[in-house]
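The values are calculated or read from the model by the stated rules, or taken from the named source; none is laboratory data. For clarity, every value in this text was computed on a predicted model and none was experimentally measured. Note that we place each Cβ from the backbone using ideal geometry, even for glycine, and neighbour counts take in every protein chain shown. When the accessible area is computed, the model is the full protein with side chains, heavy atoms only, and any ligands, DNA or RNA have been set aside. Shrake-Rupley method; radii C 1.70, N 1.55, O 1.52, S 1.80 Å.
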Number of protein chains: 2
Amino acid sequence: MRSHEFDAAQKEGVYRAIHLRRDVRRQFLPDPVPTDVLARVLHAAHHAPSVGFSQPWNFVVLQDRSIRQTVRASFQRAHEAAAQLFSPEKREQYLSFKLEGILEAPLNLCVTYDPSRFGPVVIGRTSNPMMGIFSSVCAVQTLWLAARAEGLGVGWVSILDEGDLKSAMNLPAGVTPVAYLCLGYVSHFPEAPELETAQWLPRMELQDLVAVDRWEQGCQEAWPSLHQEIHAEAKLLGSRR
Amino acid sequence: MRSHEFDAAQKEGVYRAIHLRRDVRRQFLPDPVPTDVLARVLHAAHHAPSVGFSQPWNFVVLQDRSIRQTVRASFQRAHEAAAQLFSPEKREQYLSFKLEGILEAPLNLCVTYDPSRFGPVVIGRTSNPMMGIFSSVCAVQTLWLAARAEGLGVGWVSILDEGDLKSAMNLPAGVTPVAYLCLGYVSHFPEAPELETAQWLPRMELQDLVAVDRWEQGCQEAWPSLHQEIHAEAKLLGSRR
């Protein structure tokens, strides 16, 4: 074991959180989330990487049913508009998917981005202004993995109008809602992502997505032993399902 | 224990990865990263959430020294330009920070975003086109946490010109480099983020960042027991340092 490597059980925990995490929409139980559990997953989010240590996030925890109904109505409008973008044969399947659990989940949670936090000049945000909002996205994924370890399901609802969200939660003009999440205990975590199970899209083969040094240098030719290990790991992950 | 909650050791692994993860720039060891370890962290990234299961990422693993020297030169130019944005008293401290380990790390890794993947219409990307690039950001943070469990340090170098990166790796016109990472084993992981230790910026108090239902409803007044648990967890995390 390398000196800073975690022991087997702790490593297994990290990989289980990553591989068993799901985007949950339909399995929520009404059980309340204890405040100590909620505090831990919020602290996890707060320990995400942030550009220049700017910590540009805020967290709005939503319990109020009328605000959530307003958000649910915004989803419904955006969802119906989105359906028109799909071809007629795809549209029917699109409309069959459940894409939010806003009212079923015991809690909703909005993670925001405040570009003025510790600004205007932030270390590392000078070449790419998007680095700021990326920090809030890292907070979302960190919270999601901690939640999985706690047995909590999380669903990211992205079919929402930003203006509707801002007015529902009374966000200040400069603050952007980055992620609107549904959060709660679940009856079960689906074995695979729902869109994979529904054969909407396949899981891509990782080895086809890895290049070496330059885009055109595929892993198979340029680094055969890495290609082989990627393939072996894919088989192992598949066999554990 | 709740039915889908991880056992104590596995949960500890997840939280240790989150709280002990660092943005590494100066502690890299030259030891090569074994291909099986690299394969596991790449699979972790590939199992990040992606909008509409679009998996819009590619991974360019860089070993070639001359390409990395080109990227290092791009950093140097962007870094000098960035320094001019800070006030004279801040500029000296800014220039004292080491902000990349491009040549010291045994590997560099670029995570990209391809908006055309499974497009043009992607479920969940219809209201907010940024959801696509957010998926690649989630892949970065997922890889970062898996790497920490493996004992690997990761540093995200964001002070780079996008055009320089694209030409160095010969990325196709439509593909965006989202994160340029340095990766390798390390002598140690710093106890706290370097910009915190250097007193550039303080760690914010999480309880000041949490609102309930609406932006103006602070946690302390609107949900005192949650406020208390957040405070208690902060003390616990502080005492473990």
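For the reader, a short list of remarks on this structure follows.
- Within the same chain, lysines fewer than 8 places from B:LYS235 are excluded, and of the rest, those with a Cα less than 26 Å from its Cα are A:LYS11, B:LYS11.
- Of all the options B:LEU195, B:LEU226, B:LEU95, the one that moves most in a Gaussian network model of chain B with Cα springs shorter than 10 angstrom is B:LEU226.
- At most 11 other Cβ within 10 Å, DSSP loop - GluC sites (Glu not before Pro), region A:130-228: A:GLU191
- Peptide B:181-194 shows a mean partner chain C-beta count of 1 within 10 Å per residue C-beta.
- Heavy-atom accessible area, 1.4 Å probe, ligands and nucleic acids excluded: residues of region A:68-102 down by at least 40 Å² from chain alone: A:LEU85, A:PHE86
- 10 Å binning of all Cα-Cα separations within the protein assembly as shown, expressed as whole percents from 0 upward: 4, 21, 33, 28, 13, 2, 0
- Inter-copy separations for B:GLY163, label at 7 Å along Cα-Cβ, nm, ascending: 3.5
- Candidate lysines - alpha carbon under 28 Å from A:LYS90, same-chain residues fewer than 8 apart omitted: A:LYS98
- Loop-located trypsin sites (Lys or Arg not before Pro) in region A:121-223 whose Cβ has at most 14 other Cβ within 10 Å (DSSP): none
- Legend: mean number of C-beta atoms from other chains within 10 angstrom of residue C-beta atoms, peptide A:155-167, equals 3.
- GNM result for chain B, Cα springs below 10 Å: residue of B:HIS227, B:HIS47, B:HIS19 fluctuating most strongly: B:HIS227
- Percent accessible area from carbon and sulfur atoms, region B:133-210, protein chains only, probe 1.4 Å: 48 percent
- Local charge for B:LEU103 was computed over the other residues whose Cβ lies under 13 Å away, with Lys and Arg +1 and Asp and Glu -1, and equals +3.
- Chain A: C-alpha gyration tensor shape, a/c 1.5 cut-off, then a/b vs b/c: rounded
- Cα gyration tensor shape of region A:124-241, rounded if a/c is under 1.5, else prolate or oblate by comparing a/b with b/c: oblate
- Based on protein heavy atoms only, chain B ends up with 38 Å² per residue of surface accessible to a 1.4 Å probe.
- Average other protein chain Cβ within 10 Å of Cβ, residues A:30-39: 5
- Trypsin sites (Lys or Arg not before Pro) lying in DSSP loop within region A:46-117, provided at most 16 other Cβ fall within 10 Å: A:LYS98
- Shape category assigned to region B:149-196 from the gyration tensor of Cα positions, a/c cut at 1.5: prolate
- Residue-averaged [θ]222 nm for chain B, counting only DSSP H segments that reach four residues, each worth -39500 (n - 2.57): -13500 deg cm²/dmol
- The A-B contact accounts for roughly 10900 square angstrom of buried accessible surface, both chains included, probe 1.4 angstrom.
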